[in-house]
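Chemist: Below is the structure I would like to discuss, written out as structure tokens.
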Amino acid sequence: MTGSGAVPDVFDPRLYGQGIPHDRYRHLRDHHPVAWQEEPEVLGWPAGPGFWAVTRHEDAVRVLKDSRTYSSYLGATQIRDPDPADLPFIRRMMLNQDPPHHRRLRVLVSRAFTPKRVDRFETVVRERARSLLTRAVAEARAGDGTCDLVTQVTDDYALLNLTDLLGVPDTDRGLLLHWTRRVIGYQDPDEAGTPLMGPDGKPVDPRSPASLRDMFDYAHALAAHKRRHPGDDVMTALATDPELTAPELEMFFFLLVVAGNDTVRSAAPGGLHLLARHPDAYGRLRNGDVELATAIDELLRRHPPVLTFRRTATQDTELAGTRIRAGDKVVVFHASANHDERVFSDPFTLDLTRSPNPHISFGDGPHVCLGAHFARLQLRTLYEETCRALPPGPLRLAAPPRRLVSNFINGLKSLSVRVVSDA
């Protein structure tokens, strides 16, 4: 990459296994804010037609807010094009719809996902964070003095909180993590396992009906159980809603299981990694010198759980001086927008008092994250309990974190920290 004319690749999922390519993002923001990206075959997944990468904050917000020009429905919301035969199925999900149809589904699920219902879980969430952290510290003291905050704390924390909210029985909780890894981590062999192969010898898209049949069968069985044995949980509310069709129930379960789990599963360790790299900020958080809600927004800005969301242009248009044709894929890069110097002063400084903080880590426009309230509750509680449970002093990394191979989710597969002094 030399000079302003070269356009760096920000598509390859393997890049993100090494770290967020902030140098490439900066080059695009400065010289090619709407940049054409090739979409070659990678990791066994077929090549695509290419797309426009949107890296500046102002343009990203414009795309996310303007659903009339940039559609979630036409080609869904992932960079890779789904199989044309699967597209009608994928469009049933609220995430892949545009107003006004999207609005109807959002209202339906919001009746189940109320802040009042979410807030009732705070005591349980806090006890879970405390228990997981206490156990991790005890195991570290009995072992080599280190613990992996991902595998010992945050993975279980996000999963168990979600299953409590949904009303999934204890015995079935492992299924949700399995489905999340299969759908979200499909680009990473460590997460996806052995992919289902199609007759053409290529991997089957994990969002296809064939790949999701076991999840949907479970959703219907759980819904039937909730109708017989109702509880104060989201699945009971969905299962007993007369306006919700069976196919809509399936897709809501899919969306809640995957998005509801992986948002916190990605954001929580990302925030802890930032605090380990910035001991002064961690010390201020521990001492109560910063407002936690403001600090959470800054941690989310620096480590958004989602890296990209795709739209499809409904008509010929122009964005940042670039002509876009109807049918072109337009992809918003959240981590780039969150570090745009045009909006955020000193964007690579972790300022836990930063306000205002117009990050787009939970999206913007009609698709702004419906579970943001639940995610913030979990993050706030986890960081509070981390400051109480871990020994005094900085949060020290014992090894570099292992990152998820994905151009979609900003995930950590491990975050090893030293919690016992070497002395």
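Chemist: Go through segment 9-24 residue by residue and turn each phi into a ³J(HN,Hα) via Karplus (6.51, -1.76, 1.60, θ = phi - 60°); whole Hz please, and just put x for glycine and proline.
Modeler: Working through the residues one at a time gives 6, 10, 8, 4, x, 5, 4, 6, x, 9, x, 5, x, 4, 5, 5 Hz.
Chemist: May I ask for log10 I(q)/I(0) of segment 380-423 at q = 0.23 Å⁻¹, from a Debye sum over the Cα atoms as equal point scatterers with solvent left out?
Modeler: Normalising to I(0) and taking log10 leaves -0.91.
Chemist: Then there is this: Can you give me the long-range amide H partners of SER414? Hydrogens built in the peptide plane at 1.01 Å from N, cutoff under 5 Å, separation of 5 or more residues or another chain.
Modeler: Here the answer is ARG402, since their amide H atoms fall under 5 Å of that of SER414.
Chemist: Moving on to the next point. Of the GluC sites (Glu not before Pro) in segment 35-66, which ones lie in a loop per DSSP and count no more than 13 other C-beta atoms within 10 Å?
Modeler: GLU38, GLU41
Chemist: Identify the trypsin sites (Lys or Arg not before Pro) of segment 338-423 meeting these criteria: DSSP loop state and at most 16 other C-beta atoms within 10 Å of the C-beta.
Modeler: Here the trypsin sites (Lys or Arg not before Pro) that fit, given the DSSP loop and packing criteria, are ARG342.
Chemist: Provide the packing ranking of 146-158, 211-223, i.e. peptides ordered by the mean count of other C-beta atoms within 10 Å per residue, highest first.
Modeler: 146-158, 211-223
Chemist: Using only Cα positions of segment 23-64, each an equal point scatterer, no hydration layer, compute I(q)/I(0) via Debye at q = 0.17, 0.25 Å⁻¹ and quote the log10 values to two decimals.
Modeler: -0.55, -0.84
Chemist: Taking just the C-alpha trace of segment 259-352, give me its Rg and Dmax in Å.
Modeler: Rg then Dmax for segment 259-352, in Å: 17.0, 53.
Chemist: Another question, if that's okay. Given a 1.4 angstrom probe, what's the average accessible area per residue across segment 257-404, in square angstrom?
Modeler: Accessible area per residue: 36 Å².
Chemist: Between SER345 and HIS225, what length comes free when the chain is fully extended (0.36 nm per residue of separation minus the Cα-Cα distance, one decimal in nm)? Provide the component values of the computation, followed by the final result.
Modeler: On the way: separation 120, 0.36 × 120 = 43.20 nm, distance 5.21 nm.
My answer for the length gained is 38.0 nm.
Chemist: For VAL330, list long-range residues whose amide hydrogen, built 1.01 Å from N in the peptide plane, is under 5 Å from its own amide hydrogen.
Modeler: Here TRP52, ARG311, THR312, ALA313 satisfy the definition.
Chemist: Using θ = phi - 60° and the Karplus form 6.51 cos²θ - 1.76 cosθ + 1.60, what ³J(HN,Hα) does each residue of segment 266-280 get, whole Hz, x for Gly and Pro?
Modeler: 8, 5, 4, x, x, x, 5, 4, 4, 5, 5, 7, 10, x, 5
Chemist: Additional query: Taking 0.36 nm per residue of separation and subtracting the Cα-Cα distance, what length does fully extending ARG68 through VAL124 add?
Modeler: Going from the current span to full extension adds 16.0 nm.
Chemist: Could the peptides 362-369, 70-77, 346-353 be put in order, highest first, of the mean number of other beta-carbon atoms found within 10 Å of their residues?
Modeler: Answer by packing, highest mean first, reads 70-77, 362-369, 346-353.
Chemist: What translational D, rounded to a whole number of µm²/s, comes out for segment 328-381 from Stokes-Einstein when the hydrodynamic radius is the Kirkwood one over Cα pairs, at 20 °C and 1.002 mPa s? Before the final figure, lay out the partial values.
Modeler: On the way: Rh = 13.0 Å.
The Stokes-Einstein estimate is 165 µm²/s.
Chemist: Right, something else. Give me P(r) over the chain, computed from all C-alpha to C-alpha distances, binned every 10 Å, as integer percentages.
Modeler: 4, 21, 32, 27, 13, 2, 0
Chemist: Explain nothing, just compute: Karplus ³J(HN,Hα) = 6.51 cos²θ - 1.76 cosθ + 1.60, θ = phi - 60°, for every residue of segment 398-413 in order, whole Hz, x for Gly and Pro.
Modeler: Once rounded to whole Hz, the list reads 9, 6, x, x, 9, 9, 6, 7, 6, 9, 10, 9, 8, x, 10, 8.
Chemist: Here is a follow-up. For the pair ASP280/HIS178, report the inter-label distance in nm, with labels modelled 7 Å from Cα in the Cβ direction.
Modeler: 4.9
Chemist: How much area per residue is accessible in segment 87-169 when the probe is 1.4 Å and only protein heavy atoms are counted (Å²)?
Modeler: Value for segment 87-169: 43 Å² per residue.
Chemist: Counting only protein heavy atoms and a 1.4 Å probe, tell me what percentage of the chain's accessible area is made up of carbon and sulfur. Working shown, then result.
Modeler: Numbers: 8960 of 17290 Å².
Here carbon and sulfur together make up 52 percent of the probe-accessible area.
Chemist: Pop the C-beta distance of ASN287 and VAL368 into the FRET formula with R0 = 41 Å and round what comes out to the nearest 0.05.
Modeler: The pair ASN287/VAL368 has a calculated efficiency of 0.80.
The values are calculated or read from the model by the stated rules, or taken from the named source; none is laboratory data. Because the structure is a prediction, the values reported are computed rather than measured. Methodologically, a virtual Cβ is constructed for each residue, glycine included, from the backbone with ideal geometry; neighbour enumeration extends over all protein chains shown. Note: areas computed on protein heavy atoms with side chains; ligands, DNA, RNA excluded. Shrake-Rupley method; radii C 1.70, N 1.55, O 1.52, S 1.80 Å.
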